[in-house]
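Here is the structure we will look at.
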Amino acid sequence: MKNKMWGGRFSSKTNSLIEEINASIKFDHHLAMHDIDGSIAHVTMLSECSIIREGEAKKIVMGLEKIRSEITKNEFEYKTDLEDIHMNIENRLTEIIGPIAGKLHTARSRNDQVATDIRLYLKENINNTIVLIEELQKNLAQQALSNFDTVMPGYTHLQIAQPITFGHHLLSYVESLSRDKSRFIDSLNRLDECPLGAAALAGTSYPIDRFISAKALGFSRPMANSLDAVSSRDMVLETLSNLSILSVNISRLAEEIILWVSSEFNFVSLSDDLTTGSSIMPQKRNPDGAELIRSKAGRVIGSLNTLFIVLKGLPLAYSKDLQEDKEPLFDAIDSVDLSIKVMSAIISDIKPNIEIMLIAAKKGYSIATDIADILVQELNIPFRESHKIVGSLVAYAEINNKGLEDLKIEEYKALDERITIELVNRISFDNIIYNKLSFGGTSPENVEKAAKEWLKKLNA
């Protein structure tokens, strides 16, 4: 027990099971570079505040940079008996520069140390995720521009509802991803406070300057309450929540791609390198990437639920339960980032089967709503009355196995004598698509303009 950095008051060796459950190095090694950054900022502050000598600080920084190099070159040996990344680095620092390494932990606890590491990790990885979101948005907007006038059916209840353009459908995801991105950007504002210097929970009697270390690490300010600084994990919850919402949005797109590539829809095609085969059925081309994106959303949501349950009953300040915040966070970020990359590749590759989409868009009496709108405009009748008339037209067309465009003027007049030949001549599938000019509507003119605006905004 005496070999432990905290072992001064213990007289017996730690039970091996306690060591096993206590160790976090197998996953918190992800924080290694952030831990080194935090330590360099801390020791520099200690020197500037004359708490340790400048020469001592330089020696500690030199040792930490050597450790950084070892980790980068995969030469660093992580030891489970040293519990976590903090103790592993401090132990190696002691091996390199000797007992002076012990001065690094002056006015610092692992409690504020790990809280700082997590915030640094979140800032870096949230910015990485934002870049990936923007890349996916660019690919979606580019496909939308290429297909601004490609017609497809729009659905409600997975029943054909109204014709739209493929570009319009893709741009809807650009919009939802924009909100996802804004949530991450907003969260960075709340992350912009530094816990370092809060020590275990009560602050410290050393004459430290927390603003120095906060600024050195890129934070705007130190956290204002030492107890909150070490015990809060709402920033991890917020990140997991944002990742969950993002993963759900991407999962919905993945589900649609799975439908679209199916033989029942056959709306789009994917290249061989983005599909897989079957071990028994030679003909299969499976959209495994999209299916795994769909399933990983559940995994990410599970990570959020895990941390909610961990935190819900914890008293302030630090409890070892907080060690359980890291694996769900690391896994969720890795899962979402990979999902975005795979989806970007799929969207960039996807090829619409234009004729099949158009044929499908003309099914299901998809222009019925537009005919109702024409009746309102031409006959100056309430929409509810028009809705009833067109419902009768659809029933008649179904019985006679005809499309609404195929009905002759006599058939229209038999149902309502107010319908004129001029009105019937307005019932054109192409006109209906191009007339959806309301802001945010599906007209090719709108879609082309919106896609170009998005590409300009994203600097694609």
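Please treat every number below as a calculation from the coordinates, not as lab data. Since the model is a prediction, treat every value here as computed from it, not as a measurement. Note that each Cβ is placed from the backbone with ideal geometry, even for glycine, and that neighbours are counted across all protein chains shown.
May I ask for the distance between the Cα centers of the range 103-153 and the range 223-277, given as a whole number of Å?
12 Å
Please compute the net charge surrounding residue 160, taking Lys and Arg as +1 and Asp and Glu as -1 over other residues with Cβ under 11 Å from its Cβ.
The answer is +2.
Kirkwood Rh over Cα pairs of the range 48-129 into Stokes-Einstein at 37 °C, 0.692 mPa s: D in µm²/s?
Here the translational diffusion coefficient equals 233 µm²/s.
Just to be sure I follow: if Rg is taken over the C-alpha atoms of the chain and Rh is the Kirkwood radius over the same atoms, what is Rg/Rh?
1.16
Taking all pairs of different Cα atoms in the range 207-353, averaging 1/r and flipping that mean, what Kirkwood radius in angstroms comes out?
18.2 Å
Net charge near residue 379, counting Lys/Arg +1 and Asp/Glu -1 over other residues with Cβ under 15 Å of its Cβ?
-2
Along the range 47-57, what does the Karplus equation 6.51 cos²θ - 1.76 cosθ + 1.60 (θ = phi - 60°) give for ³J(HN,Hα), rounded to whole Hz, x for Gly and Pro?
Working through the residues one at a time gives 5, 5, 8, 6, 8, 10, 6, 4, x, 5, 4 Hz.
Return the sequence-ordered ³J(HN,Hα) values of the range 374-387 in whole Hz as given by the Karplus equation 6.51 cos²θ - 1.76 cosθ + 1.60 applied to θ = phi - 60°, using x for Gly and Pro.
Karplus values, whole Hz, x for Gly and Pro: 4, 4, 4, 5, 7, 9, 6, 10, x, 4, 4, 5, 4, 4.
Helix-only estimate, please: 222 nm mean residue ellipticity of the chain, summing -39500 (n - 2.57) across DSSP H runs of length 4 or more and dividing by its residues, to the nearest 500.
The per-residue figure over the chain is -20000 deg cm²/dmol.
Distance cut-off 30 Å, Cα to Cα: go down the list 413/436; 284/449; 388/408; 59/181; 13/296; 363/449 and report the pairs above it.
Numbers: 413/436 27 Å; 284/449 39 Å; 388/408 19 Å; 59/181 42 Å; 13/296 42 Å; 363/449 28 Å.
From the list (413/436; 284/449; 388/408; 59/181; 13/296; 363/449), the Cα-Cα distance tops 30 Å for 284/449; 59/181; 13/296.
What is the set of long-range amide H partners of residue 276 at a cut-off below 5 Å, with H atoms built 1.01 Å from backbone N?
Here the answer is 286, 288, since their amide H atoms fall under 5 Å of that of residue 276.
Per-residue counts of other Cβ atoms within 10 Å, averaged by peptide: what ranking do you get for 296-307, 216-227, highest first?
296-307, 216-227
So what are the range 159-235's ellipsoid semi-axes, whole angstrom, largest first, if each one is the square root of 5 times an eigenvalue of the alpha-carbon gyration tensor?
Working: eigenvalues 423, 33, 6 Å².
They are 46, 13, 6 Å, listed largest first.
Any idea what the relative contact order of the chain is, in percent, if you count C-alpha pairs under 8 Å spaced at least 6 apart?
Values: 610 pairs, mean separation 78.3, N = 460.
The normalised contact order for the chain reaches 17 percent.
Search the structure for amide H atoms under 5 Å from the amide H of residue 150, placed 1.01 Å from N in the peptide plane, and list their residues when 5 or more places away or on another chain.
Under 5 Å from the amide H of residue 150 lie the amide H atoms of 166, 167, each far enough along the sequence or on another chain.
Suppose R0 equals 60 Å; then what is the FRET efficiency for residue 74 and residue 409 from their Cβ-Cβ distance, rounded to the nearest 0.05?
0.15
Given that compact globular proteins tend to follow 2.2 N^0.38 Å, what is the ratio of the alpha-carbon Rg of the range 378-431 to that value?
So the range 378-431 has a normalised radius of gyration of 1.08.
If I take the Cα coordinates of the range 37-189 and project them onto the principal axes, what are the three extents in Å, biggest first?
74, 32, 27 Å, listed from the longest principal axis down.
In a Debye calculation with equal point scatterers on the alpha-carbon sites of the range 360-454 and no solvent, what is log10 I(q)/I(0) at q = 0.17, 0.22 Å⁻¹?
The Cα Debye sum returns log10 ratios of -0.76, -1.13.
Which percent of Cα pairs goes in each bin when the distances of the range 7-106 are cut into 10 angstrom slices starting at zero?
For the range 7-106, the pair-distance distribution reads 15, 43, 30, 11, 0.
Going toward the positive end of the dipole of the chain, with +1 on Lys and Arg Cβ and -1 on Asp and Glu Cβ, which of 156, 197, 451 do you reach last?
The listed residue farthest towards the positive side: 197.
Give the span of the range 112-168's Cα atoms along each principal axis, as three whole-Å numbers ordered largest to smallest.
If we take the Cα atoms of the range 112-168, the spans are 57, 28, 8 Å.
Residues with amide H under 5 Å of residue 436's amide H, sequence separation 5 or more or different chain, H placed in the peptide plane at 1.01 Å from N; which?
443
Given the pairs 26/138; 103/320; 362/456, which are separated by over 27 angstrom at their Cα positions?
Where the Cα-Cα span goes over 27 Å, the pairs concerned are 26/138; 362/456.
If you take every residue apart from residue 411 with its C-beta less than 15 Å away from the C-beta of residue 411, what net charge results, scoring Lys and Arg +1 and Asp and Glu -1? It would help to have the intermediate numbers written out before the result.
Values: positive: 402, 408, 413, 418; negative: 398, 405, 406, 410, 416, 417.
Once positives and negatives cancel, what remains is -2.
Can you pull the percent of Cα pairs in the range 106-209 with separation above 15 Å?
Summing the P(r) tail past 15 Å for the range 106-209 gives 73 percent.
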